[in-house]
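Okay, structure first, notes after.
What follows is calculated from the coordinates using simple rules that are stated; it is not laboratory data. Everything numeric in this text was worked out from a predicted model, so none of it was measured. Cβ: placed from backbone, ideal geometry, glycine included. Neighbour counts: every protein chain shown.
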Amino acid sequence: MSDSFNNSPIGVFDSGVGGLTVAREILRQYSNESIVYFGDTARVPYGSKSKDIIIRYSKQIINFLKTKDVKAIVVACNTASAYALDEVERELDIPIIGVVKPGAKVAARTTKNRRVGIIGTEGTINSGLYTKIIQGIDKDITVYGKACPLFAPLVEEGMLHDSITDEVAARYLEELKKEDVDSLILGCTHYPLLRDTIGEIMGESVNLVNPAYETAVGLGSLMDELGIQASSDHEAIYEFYVSDAAEKFKRFANSILPLDIEKIQQIDIEEYSTSL
Ligand code: DGL
């Protein structure tokens, strides 16, 4: 591929701020790759919405990202990866990667007692996709899913180290602890930010799998395979778009990214077509 094509940005999208944990891993691992990020802050949360709605939203966002000439798309949202990736992948002419498969594969490979836990939104857990992928790799692995809908708002309120969060986490994770899982997938964009709390409750013997990190690794392999990595002297440009509440997004982004974002642009995502 030509340098100018390879230096095009990677499109990353999520229902809101959570996907910044994925963008953060991409920019840590590939400092010369440009990123166009879209957070659907007007329509968040995705975790409690239906599959049809998530597919519709994802298609609109992909159509927006296409106007930015992205060379590849990362579906940073677990719920959108679980509900929409299969459908959009079939219709798309650019490479696309979600967060579910990379995390599921690592958990299947690393579990020793073949008992894996997965925490995520209602949508992600109900989709059964993590279970399907893990058992597709090894049918003898038992997967225990648990929806933790309060985690994302607690993270967005900045309550990462707070007794309320500790209490909520202890209740959510009780069941998984009893099931003696040795690997736990942090299957929602926000959960890597609760790693310390979750790790303390689950104990040192439980391996916490971070799909955000694994997806960035998977993206690297995909770019290698397709020969679409940015040139080594390319200076990365980062652009951030939201559908609402740009200032709030900016505060959150600047609290977790290793760089200071000056400008967040708001767009009307409803203007984009719902078909690819
Ligand atoms: N980004 C979503 C996910 O990873 C969590 C927030 C939401 O429910 O929209 O599933």
Could you sort the peptides 138-151, 4-17, 181-194 by per-residue average Cβ neighbour count (10 Å cutoff), highest mean leading?
181-194, 4-17, 138-151
Which residue, ASN210, ASN113, ASN126, has the most motion in a Gaussian network model of the chain that connects Cα atoms within less than 10 Å?
ASN113
Among residues other than ILE54 whose Cβ falls under 13 Å from its Cβ, what is the net charge (Lys/Arg +1, Asp/Glu -1)?
-1
Dipole of the chain (Lys/Arg Cβ +1, Asp/Glu Cβ -1, origin at the Cα centre): which of TYR272, PRO9, VAL168 lies farthest to the positive side?
VAL168
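Looking at region 160-250, which GluC sites (Glu not before Pro) are in a loop (DSSP not H, G, I, E or B) and have at most 15 other Cβ atoms within 10 Å?
For GluC sites (Glu not before Pro) across region 160-250 that sit outside H, G, I, E and B with at most 15 neighbouring Cβ atoms in 10 Å, the list reads GLU179, GLU204, GLU235.
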Contour minus Cα-Cα span, ARG109 to ASP260, at 0.36 nm per residue, comes to 50.7 nm
Partners for LYS139 among lysines (Cα-Cα distance below 19 Å; same-chain residues under 8 apart left out):
LYS101, LYS105, LYS112
State, to one decimal in nm, how far the label point of ASN63 lies from the label point of ASP3, with both points 7 Å from Cα in the Cβ direction.
3.6 nm
How many angstrom lie between the C-alpha centres of region 176-199 and region 2-79?
24 Å
Nearest 0.05, what FRET efficiency do ILE164 and ASP196 give at R0 = 22 Å with Cβ-Cβ as r?
0.90
